[in-house]
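Comments concern the structure below.
We did not get these values from a lab; they are worked out from the coordinates using the rules stated. For clarity, every value in this text was computed on a predicted model and none was experimentally measured. FYI the Cβ positions are ideal-geometry reconstructions off the backbone, even for glycines, and counts take in every protein chain you see.
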Amino acid sequence: MPPAPSASTGGQAGGTLQVLVAGTIATWDPQLMYVGPEAFFAQRTFVRGLTAYGTGARQREVQGDLATDTGTPSDGARTWSFTLRDGLEWQDGTPITCDDVRHGVARTFDRRTHVGGTNYASYLLDMPTRVTAEGLEKPVYAGPSDTAHQADFDRAVSCKGRTVTFRLRDAEPDFPHIVALPEFAPRKPSADTKTDKASYAVMSSGPYRLKAPWVVGKGGTFVRNEHWDPRTDPIRRAYPDEIQVTSGLGEATVIQRLLNQQADDAYAVSWVQASPTLRNQAGTDLQARLTFPYTGNVDYLAINMRSKAMSDPAVRQALAASTNRATYVAATGGEGAGTPTWSILSPAVYPESVRPSAGNGVEGDPEAARRLLQQAGVRLPVKLRLVYARSVLADKAYAALVAGWQRAGFEVELKGVAPEEYYEEIEKPTSVDSYDVFRGVWTPDWPSAGGVLPALFDPRINIDSSGPGQDVGYFSSSAVNALIDRADATADPAARAKVWEQADSTIRGQVGYIALSATKALYLHGAGVRSYEDHSVGGIVDIATVSVR
């Protein structure tokens with residue numbers, strides 16, 4: 001039975017929640033899911049992890065989920081142990097075991113089948129590695145069928161009763177956040193079928209299970225999992241009796257259905273973004289059904305530190321000083337984007353004589369930037385090549401940025417690349433010679449700078465003969481590397497946050513990136529939906545607390 005209604009959320013048990021999805025669901029396999037709406041939906045309905053993010057005021061706090069707590073560190077946070085709760089069962093009534101957790105993690109090492117999802121286990125766990133033909137260092141272990149190297153995996157991930165222990169190469173104080181990713185969810189070995197529909201087969205550990213096989217392009221219905229015990233679950237309220245997911249829709253169709261609210265659409269939610277213009281339409285009924293949360297995405301410019309032009313600190317500083325974030329925000333959706341999150345530049349590297357006037361950091365100051373270039377003896381115009389993922393809004397946004405840069409003394413060549421080809425283009429080795437500035441966007445895998453700065457600015461885990469990885473600007477700083485290592489070795493969260501702030505300030509001081517905006521999304525839900533809240537980590541409606549009248 002579901003838990004009693006919560007007075008704090010106003011939720012009530014019963015009814016059918018409708019979820020309208022644009023396009024198709026790529027997979028319901030937890031190890032193949034990356035961070036995003038579909039993964040968060042799964043984690044609130046049928047995929048439980050060792051840890052999970054809370055609800056309400058505790059959204060950004062990681063809590064014990066299948067585990068009794070957020071783990072016990074030892075050996076300076078190089079070893080982490082988690083003990084499973086009593087009474088955990090799969091949807092078929094069999095116990096969820098420590099070995100099921102191990103099997104889920106083991107699947108991420110099979111490079112033949114693990115073609116999506118995150119891959120933290122492969123480089124965090126203390127396991128032997130070898131250099132591949134492509135010049136990449138990879139673990140020798142290759143998944144559950146690799147009996148030759150099974151002992152290596154067994155040493156890294158071991159079980160003792162209900163306790164699973166992870167042994168890491170280096171200290172990782174954020175490991176409780178990392179195991180909240182679906183990559184670390186348990187997996188029952190018998191669920192590893194080889195049929196065409198294996199990617200959509202659901203073996204639930206949460207409050208809902210699929211009533212019938214998932215239909216690709218159409219959807220399916222989730223009903224209560226009779227073997228989920230709410231006493232073992234501190235996160236999910238699981239108010240609706242059923243959750244009907246309809247996929248394969250167009251984005252415009254989803255929004256129109258939510259606006260019209262015909263039949264059961266009054267009880268519908270979606271993670272399709274609505275047009276910001278809806279916020280200006282009259283009607284309190286409509287306004288009450290709109291939410292405007294931050295998505296977690298940050299748009300930024302990655303600077304190619306190896307390019308001839310950008311190797312000059314004065315040029316990097318001038319580019320940042322002349323970047324009009326306000327016009328970028330307006331061009332990318334107006335009120336559909338949030339304000340920039342960082343100051344224009346660190347005062348330590350931005351001379352007072354050319355600093356923008358007070359309050360002008362968002363708009364930029366091309367005249368001040370031009371003075372900076374002139375005082376540094378830089379010959380004008382400075383030619384720059386910038387590459388970005390092409391779209392109607394992006395074309396307008398970058399054209400708007402160019403206008404300010406030109407006034408500062410830059411001559412910018414823009415290249416738009418099809419979105420599906422963009423990362424392949426910028427992460428190949430030749431990109432370092434082709435571009436000076438790269439468009440970047442990042443959503444942290446967990447709410448900490450530890451989920452951002454190493455991934456984007458640590459060359460030791462990014463740059464090799466195959467290319468720059470996520471460090472597309474080839475940023476490399478021994479001072480930043482040392483701060484990353486210090487943060488990883490700092491157990492106290494508050495102290496660690498200060499180290500991350502210092503690392504970020506150092507990167508900004510070298511103008512390793514230029515922040516543009518923290519984006520927001522406009523969501524619309526039906527009038528029959530209650531206790532609605534968008535999750536600050538998941539970025540969409542929290543199915544853990546939502547209910548229907």
Net charge within 9 Å of LYS188 by Cβ-Cβ distance, Lys/Arg positive one each and Asp/Glu negative one each, not counting LYS188 itself?
-2
Rounded to one decimal in nm, the spacing of the 7 Å Cα→Cβ label points at GLN256 and ASP241 is 3.2
Helix 493-509 versus the longest principal axis of the chain: what angle, 0 to 90°, nearest 10, using Cα atoms?
30
Within the under-12-Å Cβ sphere about ILE514, not counting ILE514, Lys/Arg +1 and Asp/Glu -1 give a net charge of +3
Per its Cα gyration tensor (rounded if a/c is under 1.5, else prolate when a/b beats b/c, else oblate), segment 295-520 is best filed as rounded
Along the charge dipole of segment 421-523, pointing to its positive end and built from +1/-1 on Cβ of Lys, Arg, Asp and Glu, which listed residue (GLN470, ALA455, GLN510) has its Cα farthest out?
GLN510
Taking the Cα of LYS428, stepping 7 Å toward and past its beta carbon, and measuring to each backbone N in segment 444-480: which are under 20 Å?
463-474
Can you put LEU286, LEU384 in order of Cβ neighbours within 10 angstrom, beginning with the fewest?
LEU286, LEU384
Excluding residues fewer than 8 positions from LYS188 in its own chain, the lysines with Cα under 17 Å of it are LYS197
How long is the gain from SER466 to GLU363 if the chain were fully straight, where each residue apart is worth 0.36 nm and the alpha carbon distance is subtracted?
33.3 nm
In straight Cα distance, which lysines are under 23 Å from LYS415, not counting same-chain residues fewer than 8 positions off?
LYS308, LYS383, LYS396, LYS428
What list do you get for ASP92, ASP110 if you sort them by fewest beta carbons within 10 Å?
ASP92, ASP110
Over the chain, what number does the Rg to Rh ratio reach, with both radii from the alpha-carbon atoms and Rh per Kirkwood?
0.98
Net dipole in debye of the chain [+1 Lys, Arg Cβ; -1 Asp, Glu Cβ; about Cα centre; nearest 20]
500
Sort ARG58, ARG306, ARG379 by Cβ crowding within 10 Å, fewest neighbours at the top.
ARG379, ARG58, ARG306
Hey, quick one: spin label on PHE292, modelled 7 Å out along Cα-Cβ, who in segment 517-536 has an amide N within reach, i.e. under 20 Å?
517-527, 532-536
Under the rule a/c < 1.5 gives rounded, and otherwise a/b versus b/c splits prolate from oblate, where does segment 489-549 land using the Cα gyration tensor?
oblate
Checked against the positive end of the charge dipole of the chain (+1 on Cβ of Lys and Arg, -1 on Cβ of Asp and Glu, about the Cα centre), the farthest of ALA491, MET305, ALA320 is ALA320
